[in-house]
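> Sharing a structure with you now.
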Amino acid sequence: MDRTQIVLLGLPIFLLFTDIVNLFTPPPPKPAVNHPPPRVHYQPKSQSVIQEPLEFPTEKRSVIGGIGQGSVININFCVSCSYRGTAIAMKNMLESSFPGVEVILANYPPPFPKRLLSKVVPVVQFGIIGTIMAGEHIFPRLGMAPPPWYYSLRANRFGSIASTWLFGNFIQSFLQSSGAFEVYCNGEMVFSKLKEQRFPGEIELRDLIGRKVSGSRFVDNSGGVWS
């Protein structure tokens with residue numbers, strides 16, 4: 001086998017091996033978030049003058065921090081479906097509607113069989129392209145005559161290569177898409193596109209999150225609101 005045949009046969013095998021390794025490699029741990037140290041406020045020393053405290057009617061505060069303080073909203077969406085713009089718009093809306101809330105965007109992967117098949121598609125693509133380019137040398141090495149379909153692909157070499165590349169990319173994009181747009185509030189599902197078969201409206205999602213956020217907070221005896 002010459003160098004061209006070795007490259008055409010070795011490249012798909014190398015890509016398949018690297019994809020399988022990446023598929024079973026666990027994701028890296030999330031970096032630890034370093035919280036800034038609490039600020040210490042120093043009060044000046046009071047003078048020795050004794051003053052009687054004046055009694056004024058106190059107003060109870062209903063909010064400590066933002067209305068969404070302590071709540072975490074997860075939006076898991078299909079990255080390959082071009083849902084990122086919708087997810088970012090929802091994230092900005094929720095952060096402005098519920099100050100203090102933490103909105104996390106993440107990819108919602110497809111099922112494992114579809115992910116595995118999506119890794120096989122590039123190998124098949126390069127295999128077909130390599131066969132079209134050097135089939136007259138590959139088939140004799142395998143001890144068989146070139147089949148009739150090979151001559152049909154060979155007659156229109158560039159058209160066959162372009163069709164293989166475009167059709168393979170379409171199949172790979174389909175296998176990598178999950179069509180998901182799932183919204184969770186404090187670990188509890190609020191909206192699921194996989195179940196509803198539609199996107200949530202901004203007003204609808206704001207109302208759903210508002211119910212969950214208001215239900216997870218309570219007023220203590222001193223008048224402060226805690227989550």
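The values are calculated or read from the model by the stated rules, or taken from the named source; none is laboratory data. Fair warning: this is a prediction, and the values are worked out from it, not measured in the lab. Don't worry about glycine lacking a Cβ; one is built from the backbone with ideal geometry, like all the others, and counts go over all protein chains shown. Accessible surface is based on the protein model in full, side chains and every heavy atom, while ligands, DNA and RNA are left aside. Shrake-Rupley method; radii C 1.70, N 1.55, O 1.52, S 1.80 Å.
> In the range 126-207, which trypsin sites (Lys or Arg not before Pro) fall in coil by DSSP and have 11 or fewer other Cβ atoms within 10 Å?
Within the range 126-207, the qualifying trypsin sites (Lys or Arg not before Pro) (loop, at most 11 other Cβ atoms within 10 Å) are ARG198.
> Something else now. Taking amide H atoms as placed 1.01 Å from N in the peptide plane, list the residues 5 or more away in sequence, or in a different chain, whose amide H sits under 5 Å from that of VAL103.
ILE73
> With N set to the residue count of the range 86-205, report its C-alpha Rg divided by 2.2 N^0.38 Å to two decimal places.
My calculation over the Cα atoms of the range 86-205 gives 1.70.
> Dipole magnitude of the range 88-181 about its Cα centre, charges +1 at Lys/Arg Cβ and -1 at Asp/Glu Cβ only, in debye to the nearest 20?
That gives a dipole near 320 debye.
> Keeping all protein chains in place and using 1.4 angstrom, which order do CYS81, CYS185 fall into by accessible surface area, from largest down?
My answer, sorted largest first, is CYS81, CYS185.
> Using a 1.4 Å probe, how large is the accessible area of LEU205, given in Å² and rounded to the nearest 10?
0
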